[in-house]
1. Given the options A:Thr18, A:Thr301, A:Thr77, which has the most mean-square fluctuation in a GNM of chain A, springs set between C-alpha atoms less than 10 angstrom apart?
2. State whether the stretch B:186-238 is rounded, prolate or oblate according to the following rule on the C-alpha gyration tensor (a ≥ b ≥ c being the square roots of its eigenvalues): a/c under 1.5 gives rounded; otherwise a/b larger than b/c gives prolate, and the remaining case gives oblate.
3. Given the options A:Val218, A:Thr237, A:Ile167, identify the residue whose Cα lies farthest towards the positive end of the charge dipole of the stretch A:150-318 (+1 on Cβ of Lys, Arg; -1 on Cβ of Asp, Glu).
4. For the protein assembly as shown, what number results from the quotient of the Cα radius of gyration and 2.2 N^0.38 Å?
5. So, in nm, how far is label A:Gln309 from label B:Lys187 when the simple model puts each one 7 Å beyond its Cα toward the Cβ?
6. The stretch A:150-318: Rg/Rh from Cα coordinates, Kirkwood Rh?
7. Determine the gain in length on full extension of the stretch A:Lys184-A:Glu211; use 0.36 nm per residue of separation and subtract their C-alpha separation, reporting nm with one decimal.
8. Enter the angle in degrees (range 0 to 90, nearest 10) between the Cα long axis of helix B:129-138 and the first principal axis of the Cα atoms of chain B, meaning the one along which they spread out most.
Amino acid sequence: MKICLIAPKAEGIGGIATTIQQLKEKLTEKGVEVKLLTGGYIGKKGLMNPTFAISAATRIKKVKADIYHAHGGFSMTALIRAKGHKIMTLHGNWHRAIEFLHGKPAGKIAKIIEDFCLKRVDVVTVVSKSAAREYEKFNPIYIPNGVDVEEFAKKARKPVDLPPNTILYIGRLSKEKGVDILVKAWRQVRTKIPNANLYIIGDGPLKNTLEKQANKNVKIVGPIPHDEVPNWLANATLFVLPSVMETGMPMALLEAMAMKVPVIATRTGAIPEIIQQGETGIIIEPNSEKELSKAIIHALTHDMKPTAQKAYEKVKKEYNINRIIDEYMQIYTNLLGES
Amino acid sequence: MKVIHITKTITSPKLEGFLGFGLKHAHAIAKLLGENHIICRSKDKKPHTIIWKNKVYLHLIPNLLLYLPLTIHIIKKHKIDLIVAQNPFINGIIATLASIITKKPLLCTVHGYDFTINLKNWKFKTLQWPLRKIVLKMARRITCDTKAVRNVLISWGVEPRKIVITGSYVDTKMFNPKVDGRAVREKLGLKEDELMILYCGRLVPVKGVERLLKAAKIVLKNTKKAHFVIVGDGPQRERLEKMAKELGIEESITFVGLLDYKEIPRYMSAADIYAHPAYSESFGKACAEASACAKPVVAFKVGGIPEVIIDGETGLLVENGKIKQYAKALIELIKNEKMRKTMGEKGRKYIKRYEFEKRERKVAQVYRMTARGV
């Protein structure tokens, strides 16, 4: 079995990159030949980065494989030019993401392209139940993103020494992730809990603005390789994901839960499927400084261990990488008709 | 997505016993896909529909002649995306015709009893075979329980590409080693040091229970500590009881008769060894259930059993027909308590791969792919 994975990027943090790395590693273990077709990451998102869509579409003909498995909207153009079985994995709602970044007309064009492409692939898979409902007419198969729960905790060999009451943000530094709101909310947290610290990890267009806004006790760490993530999570008190618009399944959130770090996130995209209020974490409305600071203060002043434990169990059961790889494997074997 | 299942024997929704697990499956599929319609026979006079929560629709149809027109009507009315035939014969033919008329994709499920049919039987060959072949040809995909069934289907000339192994399922919550079996042992009047060897299933020729009785005779010559318990009913019961008397082992054998499905886990828990003497089996659900209760299984190497029970690991498997060896395997387990325990534990671990949710997700995945035309 030869499988070609198509994705804009295969390294670093983020749902697509992590899934590609996991698929490559685990499928190779199972004796599947994996080829990658990826582009370089240039730090820009959406239509500002058209190079991958074009270059992949021209390179695809040279890659020989039985199954072509594309991740993310920008791999679509390459996928429909491929000859073989085609699987499209949508990490979130692509046309809505484009609409959010570039306005309504762009979103409409994206939807037309998307409809055209999705009709021409064999299997569509989505990473969240909400996306499964939105793409119902394409009969999508729901396969969430996963974490290698046991392995991930073992990777924290050199935990970073963090001061007590440390709040961590890991992700792209851009508007849709709501980091600017977090930095604004931080002032209110600091007045109540003076020894609290905020560490912001990641790279993106907002980096310079954030550095200017940030005051004492806010540290902008910058980008780190994915292998370092467990080291940072190991000693964190709290993980915050203040997304304004999340279309896929936030990988960093699952990873924090797998490391038994209590989490605060917003009611957007697939997050309500992962976090039940008070059960597996704290969930708040997006775009609200007030609610965010209140939630952070609440989490820092209460015992969050039971919630973190429940969150860990949920990730282990529902977002376990072995289960997810099995399901992708089943699609592959069903397409090829092997037993 | 909306799917329609065409099946025959759900006679009335009041019969929970028969429906029990089938209903669980129906609800799980509806939850995963959106809407699940089931068409089945009933004894009521008029066709009618029962709607449950989770969007499960049960369409009860009294007359086989009404099956096709009503199926087509329902497919059009509810805008169904996929037709599933629950066996490749009568239901299959109706589903195939409905599929041709409404131009919706067809998926066919092949069960154990389809698999046990004999190709040499002239009745089967002339009447059923051509019809089955048409259904299997028309179906876009065929799902079955084990590799053994897949191989049989391939030998029947089905394209291997079309076949998907979904596996059967075992309720590992209902069947678990923590179920208390002491009450059952008391009821059967078993002594502390007596070992209970259990068989559960229909008493029909294909299950080969007479082979178990023959093996029991050899076992009882060796040790008096064993007691055989046969759960289930069927046309062979009288013959088997007579045979037990002729063999002179009637004191060490109890025929319990038909039991409620809820009672079975208690009997499985009470037992020390599970013995399955079938001639043919597509999956061997009873063996899997015994494994789920952490009991070692002794069976013949037939059909899908080697996929469910690993020889030497979770049970002992014997070449088909070798009754002496079968008895030997039983004696080996009776004498070795440690082996019984480790095999049981390994079995429980192994059988978790046949978990209900996992299998339902697999089935839903295949349904979605078939509906997309893949």
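1. In this elastic network of chain A, the residue with the biggest mean-square fluctuation among A:Thr18, A:Thr301, A:Thr77 is A:Thr301.
2. On the way: a/c = 3.12, a/b = 1.48, b/c = 2.11.
The shape class here is oblate.
3. The residue sitting farthest along the positive end of the dipole is A:Val218.
4. 1.10
5. So the two model labels end up 3.8 nm from each other.
6. Numbers: Rg = 14.5 Å, Rh = 15.7 Å.
Dividing the radius of gyration by the Kirkwood radius yields 0.92.
7. Values: separation 27, 0.36 × 27 = 9.72 nm, distance 1.24 nm.
Fully extending the segment from A:Lys184 to A:Glu211 adds 8.5 nm.
8. 60 degrees
Rule-based calculations on the coordinates, nothing more; no lab input. Keep in mind the model is a prediction, meaning the values are calculated, not measured. For neighbour counting, all protein chains shown are included, and Cβ atoms are generated from backbone atoms with ideal geometry for every residue, glycine included.
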